[in-house]
Structures are given as structure tokens and as C-alpha cells.
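Asks: Here it is: the structure, laid out below.
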Amino acid sequence: MTTSTPPSLALADVQRALERQLEERLAILQALQPYALPTVDPVAFQTAASHRAVIEQITAALNRITRGTYGLCTRCGRPIAPGRLEVLPHAAACIECQSHADAA
Ligand SMILES: [Zn+2]
């Protein structure tokens with residue numbers, strides 16, 4: 001065992017937080033599922049769709065942790081600002097790339 005600071009320590013925390021979020025979202029989605037049809041309850045349908053999108057983003061972030069690319073922008077490959085990851089742990093792109101994506 002070495003005493004050098006392992007960056008995996010913080011990553012383990014992020015991973016736990018993401019897994020917890022994933023579980024919460026999946027539980028909400030499961031509860032919504034019976035009504036989440038555009039013909040039955042359009043609001044539930046919209047809500048379920050947005051939960052599904054976030055679940056995909058969280059899953060992708062967990063995959064990036066596994067692959068060791070977590071915290072890097074998936075578009076330009078530069079590190080995402082730590083402050084942004086604090087607010088949005090499953091952020092896939094840096095603020096600059098994301099703002100381009102939002103504008104599109
Ligand atoms: Zn970027």
C-alpha cells in the first residue's frame with residue numbers, strides 16, 4: 001500500500017452518489033410507469049421521459065467512472081470544471097460544449 005493520495009477515493013463517493021440517484025430515479029419511474037402514456041396522463045408521460053433521460057446520463061457517467069474517463073468532457077475531452085461536477089455529477093460535457101449543445 002502506498003500513501004499517495006488516491007483520486008479513486010473521491011470517485012468512490014461520486015459513484016455512490018450517482019448510484020443512489022439512479023435508484024431514486026428508477027423507483028420514481030417505476031411508480032409513474034402505469035400512467036406514463038400520452039393518452040392516459042400526458043404530464044406523467046413527460047415526467048417519465050425526463051427521468052429516463054437523466055437515468056441514461058447517470059448510467060453513462062457510471063460507465064465513465066468504470067472506464068476512467070469520468071470528469072472529462074465527452075465532446076472536447078478537456079476536464080470538466082469541478083464546480084460543475086459538484087452541481088451536476090452526471091455532466092457529460094463541459095460548460096462550453098454544453099452551451100453549444102443547448103443552442104443547437
Ligand atoms: Zn467540452
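Asks: Given the stretch 3-104, what helices (runs of 4 or more DSSP H) lie entirely inside it while holding 3 or more residues that are surrounded by 12 or more Cβ atoms within 10 Å (Cβ to Cβ)?
Replies: 8-32, 42-67, 95-103
Asks: Say we look at the stretch 55-104 and pick out the residues that are more than 8 Å from the ligand (Cβ to nearest atom) and charged (D, E, K, R); which of these is modelled with the lowest pLDDT?
Replies: Asp102
Asks: List, please: which pairs have Cβ atoms under 9 Å, are six or more places apart or on different chains, and start with a residue in the stretch 83-98 that is over 9 Å from Cys73 (Cβ atoms) and touching a residue at least 24 places away in the same chain (Cβ under 8 Å) and end with one that is of a type outside the set (A, V, I, L, M, F, W, C) and within 15 Å of the ligand (Cβ to nearest atom)?
Replies: Leu85/Tyr70; Leu85/Gly71
The values are calculated or read from the model by the stated rules, or taken from the named source; none is laboratory data. All values reported here derive from a predicted model rather than from experimental measurement. Because the Cβ atoms are built from the backbone with ideal geometry, glycine has one as well, and the counts that use them run over all protein chains shown.
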